[in-house]
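The block underneath contains the structure these notes are about, expressed in C-alpha coordinates.
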Amino acid sequence: MPGFAHDPHGALTVVNRFSVKGNTDRFERCFRGHAEFLGARAGFVASTLVRHTGNPRSYVHLNSWEDDDAFVKVTRNEEFLDQVRRLGALVETQGDKMAAVLRRGVGRTAGGAGRGVVVLVDYEVDDPEEFEQRLAVRADALTGVEGIRAVELLRSTVSPERYLEAIWWTDREVARTAMDGATYLAHEPWLPGLAGVRTTETRLVSTVSAPGPRESGGGVG
(Lines give C-alpha, C1' and ligand atoms only; values in the text may rest on other atoms or scores of the structure.)
Protein backbone atom coordinates (compact mmCIF):
# COMPACT_ATOMS: atom_id res chain seq x y z
CA MET A 1 0.00 0.00 0.00
CA PRO A 2 1.51 3.42 -0.90
CA GLY A 3 2.54 5.73 1.91
CA PHE A 4 1.94 9.39 2.70
CA ALA A 5 4.08 11.74 0.66
CA HIS A 6 4.28 14.09 3.64
CA ASP A 7 7.44 13.52 5.69
CA PRO A 8 6.40 13.33 9.37
CA HIS A 9 9.69 14.60 10.75
CA GLY A 10 8.91 18.04 12.13
CA ALA A 11 5.26 17.71 11.08
CA LEU A 12 2.60 18.95 13.49
CA THR A 13 -0.93 17.79 14.17
CA VAL A 14 -3.10 19.94 16.43
CA VAL A 15 -5.64 17.71 18.17
CA ASN A 16 -8.73 19.45 19.54
CA ARG A 17 -11.38 17.54 21.48
CA PHE A 18 -14.70 19.36 21.41
CA SER A 19 -17.72 18.95 23.65
CA VAL A 20 -20.62 20.77 21.96
CA LYS A 21 -22.75 22.80 24.37
CA GLY A 22 -25.70 23.42 22.05
CA ASN A 23 -26.95 22.38 18.63
CA THR A 24 -24.53 20.00 16.91
CA ASP A 25 -25.78 20.87 13.40
CA ARG A 26 -24.95 24.52 14.04
CA PHE A 27 -21.50 23.55 15.26
CA GLU A 28 -20.82 21.42 12.16
CA ARG A 29 -21.92 24.24 9.83
CA CYS A 30 -19.68 26.72 11.61
CA PHE A 31 -16.80 24.28 11.62
CA ARG A 32 -17.15 23.58 7.89
CA GLY A 33 -16.31 27.22 7.10
CA HIS A 34 -13.37 27.10 9.49
CA ALA A 35 -11.97 23.97 7.81
CA GLU A 36 -12.26 25.56 4.37
CA PHE A 37 -10.35 28.59 5.65
CA LEU A 38 -7.58 26.36 7.03
CA GLY A 39 -7.37 24.45 3.76
CA ALA A 40 -6.38 27.58 1.87
CA ARG A 41 -3.46 28.45 4.16
CA ALA A 42 0.22 27.87 3.35
CA GLY A 43 1.68 24.83 5.08
CA PHE A 44 -1.69 23.15 5.54
CA VAL A 45 -1.74 19.34 5.14
CA ALA A 46 -5.15 18.06 6.26
CA SER A 47 -8.11 18.79 8.53
CA THR A 48 -10.40 16.01 9.72
CA LEU A 49 -13.40 16.19 12.03
CA VAL A 50 -14.77 13.00 13.61
CA ARG A 51 -17.70 12.43 15.96
CA HIS A 52 -17.86 9.89 18.78
CA THR A 53 -20.39 7.18 17.96
CA GLY A 54 -21.25 6.69 21.63
CA ASN A 55 -21.41 10.38 22.57
CA PRO A 56 -22.82 12.55 19.75
CA ARG A 57 -21.81 15.80 21.47
CA SER A 58 -18.13 14.83 21.43
CA TYR A 59 -15.91 15.53 18.42
CA VAL A 60 -12.19 15.33 17.68
CA HIS A 61 -10.42 17.57 15.17
CA LEU A 62 -7.10 16.42 13.67
CA ASN A 63 -5.48 19.45 12.05
CA SER A 64 -2.12 18.72 10.36
CA TRP A 65 0.54 21.17 9.21
CA GLU A 66 3.92 20.88 7.53
CA ASP A 67 5.57 22.40 10.61
CA ASP A 68 4.87 24.40 13.74
CA ASP A 69 5.82 27.69 12.08
CA ALA A 70 3.05 27.29 9.49
CA PHE A 71 0.45 26.74 12.20
CA VAL A 72 1.69 29.61 14.39
CA LYS A 73 1.51 31.97 11.41
CA VAL A 74 -2.15 31.05 10.85
CA THR A 75 -3.01 31.59 14.52
CA ARG A 76 -1.95 35.23 14.14
CA ASN A 77 -4.44 35.79 11.31
CA GLU A 78 -7.39 37.98 12.38
CA GLU A 79 -9.90 35.91 10.43
CA PHE A 80 -8.66 32.76 12.15
CA LEU A 81 -9.00 34.40 15.57
CA ASP A 82 -12.52 35.54 14.76
CA GLN A 83 -13.51 32.01 13.70
CA VAL A 84 -12.00 30.55 16.88
CA ARG A 85 -14.01 32.98 18.99
CA ARG A 86 -17.25 31.98 17.23
CA LEU A 87 -16.50 28.28 17.60
CA GLY A 88 -15.44 28.79 21.20
CA ALA A 89 -18.92 29.99 22.09
CA LEU A 90 -20.33 26.64 20.93
CA VAL A 91 -17.93 24.19 22.55
CA GLU A 92 -15.70 23.29 25.44
CA THR A 93 -12.23 22.42 24.12
CA GLN A 94 -9.18 20.43 25.14
CA GLY A 95 -6.21 20.79 22.82
CA ASP A 96 -2.77 19.31 22.27
CA LYS A 97 0.08 19.71 19.81
CA MET A 98 1.31 16.35 18.58
CA ALA A 99 4.22 15.27 16.38
CA ALA A 100 3.79 12.58 13.73
CA VAL A 101 5.67 9.40 14.65
CA LEU A 102 4.44 7.23 11.78
CA ARG A 103 1.87 7.17 8.99
CA ARG A 104 0.93 4.18 6.87
CA GLY A 105 -1.68 3.83 4.15
CA VAL A 106 -3.27 5.89 1.42
CA GLY A 107 -4.63 8.72 3.54
CA ARG A 108 -7.57 9.98 5.52
CA THR A 109 -10.32 9.61 2.92
CA ALA A 110 -11.81 6.56 4.75
CA GLY A 111 -15.27 5.67 3.42
CA GLY A 112 -16.65 9.14 3.02
CA ALA A 113 -18.39 11.43 5.52
CA GLY A 114 -21.05 9.63 7.51
CA ARG A 115 -19.74 6.16 6.59
CA GLY A 116 -16.01 6.09 7.29
CA VAL A 117 -14.90 5.09 10.78
CA VAL A 118 -11.83 6.29 12.65
CA VAL A 119 -10.78 4.36 15.75
CA LEU A 120 -8.81 6.55 18.16
CA VAL A 121 -6.59 4.93 20.79
CA ASP A 122 -5.04 7.02 23.58
CA TYR A 123 -1.93 5.67 25.31
CA GLU A 124 0.34 6.67 28.18
CA VAL A 125 3.70 4.88 28.11
CA ASP A 126 6.90 4.60 30.16
CA ASP A 127 9.09 3.16 27.38
CA PRO A 128 8.45 5.22 24.22
CA GLU A 129 11.13 3.51 22.11
CA GLU A 130 9.80 -0.02 22.54
CA PHE A 131 6.20 1.18 22.26
CA GLU A 132 6.86 2.95 18.95
CA GLN A 133 8.63 -0.13 17.58
CA ARG A 134 5.63 -2.34 18.44
CA LEU A 135 3.14 0.12 16.99
CA ALA A 136 5.18 0.29 13.76
CA VAL A 137 5.06 -3.51 13.44
CA ARG A 138 1.30 -3.50 13.94
CA ALA A 139 0.80 -0.61 11.53
CA ASP A 140 2.69 -2.53 8.84
CA ALA A 141 0.55 -5.62 9.50
CA LEU A 142 -2.71 -3.67 9.45
CA THR A 143 -2.05 -2.06 6.06
CA GLY A 144 -2.63 -5.51 4.56
CA VAL A 145 -6.08 -5.86 6.12
CA GLU A 146 -9.08 -5.36 3.83
CA GLY A 147 -10.99 -2.16 4.52
CA ILE A 148 -8.22 -0.19 6.19
CA ARG A 149 -7.25 3.20 4.79
CA ALA A 150 -4.53 4.49 7.09
CA VAL A 151 -2.79 4.26 10.45
CA GLU A 152 -1.28 7.27 12.17
CA LEU A 153 0.63 7.52 15.44
CA LEU A 154 1.04 10.93 17.07
CA ARG A 155 3.04 11.90 20.16
CA SER A 156 2.23 14.85 22.38
CA THR A 157 4.79 17.65 22.40
CA VAL A 158 3.33 18.88 25.68
CA SER A 159 3.23 15.53 27.57
CA PRO A 160 5.65 13.21 25.70
CA GLU A 161 4.36 10.10 27.49
CA ARG A 162 1.02 10.52 25.73
CA TYR A 163 0.28 9.10 22.27
CA LEU A 164 -2.74 9.02 19.99
CA GLU A 165 -3.18 6.28 17.39
CA ALA A 166 -5.76 6.86 14.62
CA ILE A 167 -6.87 3.89 12.51
CA TRP A 168 -8.95 4.76 9.44
CA TRP A 169 -11.51 2.23 8.11
CA THR A 170 -13.92 2.26 5.17
CA ASP A 171 -16.95 1.48 7.37
CA ARG A 172 -18.03 0.37 10.83
CA GLU A 173 -18.68 -3.29 10.07
CA VAL A 174 -15.25 -3.75 8.51
CA ALA A 175 -13.56 -2.00 11.44
CA ARG A 176 -15.25 -4.09 14.11
CA THR A 177 -14.62 -7.35 12.30
CA ALA A 178 -10.96 -6.55 11.68
CA MET A 179 -10.26 -5.36 15.23
CA ASP A 180 -11.62 -8.63 16.60
CA GLY A 181 -9.42 -10.54 14.16
CA ALA A 182 -6.11 -12.29 14.58
CA THR A 183 -3.95 -9.68 12.81
CA TYR A 184 -5.00 -6.85 15.12
CA LEU A 185 -5.01 -8.85 18.35
CA ALA A 186 -1.67 -10.52 17.62
CA HIS A 187 0.02 -7.13 17.59
CA GLU A 188 -1.53 -5.50 20.65
CA PRO A 189 1.33 -3.33 21.98
CA TRP A 190 1.01 -4.34 25.65
CA LEU A 191 4.07 -3.34 27.63
CA PRO A 192 4.82 -3.51 31.39
CA GLY A 193 4.82 0.28 31.55
CA LEU A 194 1.74 0.85 29.39
CA ALA A 195 -1.11 2.61 31.18
CA GLY A 196 -4.25 4.59 30.48
CA VAL A 197 -5.25 2.89 27.22
CA ARG A 198 -8.58 4.18 25.91
CA THR A 199 -10.21 3.21 22.62
CA THR A 200 -12.90 5.38 21.01
CA GLU A 201 -14.89 4.65 17.85
CA THR A 202 -15.70 7.75 15.83
CA ARG A 203 -17.56 8.54 12.60
CA LEU A 204 -16.00 10.67 9.90
CA VAL A 205 -17.82 14.00 9.59
CA SER A 206 -15.58 15.90 7.17
CA THR A 207 -12.06 15.98 5.82
CA VAL A 208 -10.15 18.61 3.84
CA SER A 209 -6.76 17.94 2.28
CA ALA A 210 -4.18 20.19 0.69
CA PRO A 211 -4.52 20.31 -3.11
CA GLY A 212 -2.29 18.17 -5.28
CA PRO A 213 -1.07 14.56 -5.02
CA ARG A 214 -0.27 13.35 -1.52
CA GLU A 215 0.80 9.77 -2.18
CA SER A 216 4.09 8.13 -3.02
CA GLY A 217 5.43 4.62 -3.42
CA GLY A 218 6.99 4.27 0.05
CA GLY A 219 5.86 4.47 3.62
CA VAL A 220 7.24 6.96 6.13
CA GLY A 221 8.08 6.75 9.80
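The values are calculated or read from the model by the stated rules, or taken from the named source; none is laboratory data. Every value quoted in this text rests on a predicted model; they were computed, and no experiment measured them. Note that we place each Cβ from the backbone using ideal geometry, even for glycine, and neighbour counts take in every protein chain shown. Protein only, heavy atoms only, side chains kept; ligands, DNA and RNA dropped before computing areas. Shrake-Rupley method; radii C 1.70, N 1.55, O 1.52, S 1.80 Å.
Restricting attention to the stretch 78-99, which residues are aliphatic (A, V, I, L, M) and in a helix (DSSP H, G or I)? So that I can check it myself, show each step before the final result.
Filtering the stretch 78-99 for residues aliphatic (A, V, I, L, M) gives 81, 84, 87, 89-91, 98-99.
Those that are aliphatic (A, V, I, L, M) and in a helix (DSSP H, G or I): Leu81, Val84, Leu87.
What's the total number of residues in the stretch 32-52 that are surrounded by 15 or more Cβ atoms within 10 Å (Cβ to Cβ) and in contact with a Lys or Arg (Cβ under 9 Å, 6 or more places away or on another chain)? Talk me through it step by step, then tell me what you get.
Of the stretch 32-52, the ones surrounded by 15 or more Cβ atoms within 10 Å (Cβ to Cβ) are 34-35, 37-39, 41, 43-52.
In the following step, the residues that additionally are in contact with a Lys or Arg (Cβ under 9 Å, 6 or more places away or on another chain) were identified as 34, 41, 43, 45-46, 48-52.
Residues meeting the conditions: 10.
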Does Arg57 fit the bill of being in contact with a Lys or Arg (Cβ under 9 Å, 6 or more places away or on another chain), among the charged types (D, E, K, R), farther than 28 Å from Arg198 by Cβ and open to solvent by 40 Å² or more (accessible area, probe 1.4 Å)? no
Of (1) at pLDDT 95 or above; (2) in contact with a His (Cβ under 7 Å, 6 or more places away or on another chain), Val45 fails just (1)
With the requirement that a residue be under 19 Å from Ser64 (Cα atoms) and of a type in the set (D, E, K, R), what does the stretch 124-174 give you? Arg149, Glu152, Arg155, Arg162, Glu165
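Can you report the number of residues in the stretch 144-185 which are under 26 Å from Asn16 (Cα atoms) and over 12 Å from the mean Cα position of the chain (by Cα)?
Kept after step one, since they are under 26 Å from Asn16 (Cα atoms), are these residues of the stretch 144-185: 148-172, 175-176, 179.
Of the ones still in play, those that are also over 12 Å from the mean Cα position of the chain (by Cα) are 148-149, 156-162, 169-172, 175-176, 179.
Matching residues across the stretch 144-185 total 16.
Do you know which residues across the stretch 63-98 are among the β-branched types (Val, Ile, Thr) and under 16 Å from Arg29 (Cα atoms)?
The first filter runs over the stretch 63-98 and keeps only residues among the β-branched types (Val, Ile, Thr), leaving 72, 74-75, 84, 91, 93.
Within the stretch 63-98, Val84, Val91 meet the criteria.
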Scanning the stretch 147-167 residue by residue, the ones that are in a strand (DSSP E or B) and under 16 Å from Val118 (Cβ atoms) total 12
Every residue from the stretch 67-77 that is open to solvent by less than 100 Å² (accessible area, probe 1.4 Å) and in a loop (DSSP other than H, G, I, E, B): Asp67, Asn77
For the stretch 188-214, pairs from a residue that is surrounded by fewer than 16 Cβ atoms within 10 Å (Cβ to Cβ) and of a type in the set (S, T, N, Q) to a residue that is at pLDDT 85 or above and not in a loop (DSSP other than H, G, I, E, B), with Cβ under 7 Å and 6 or more apart or across chains, are Thr199/Val119; Thr199/Val121
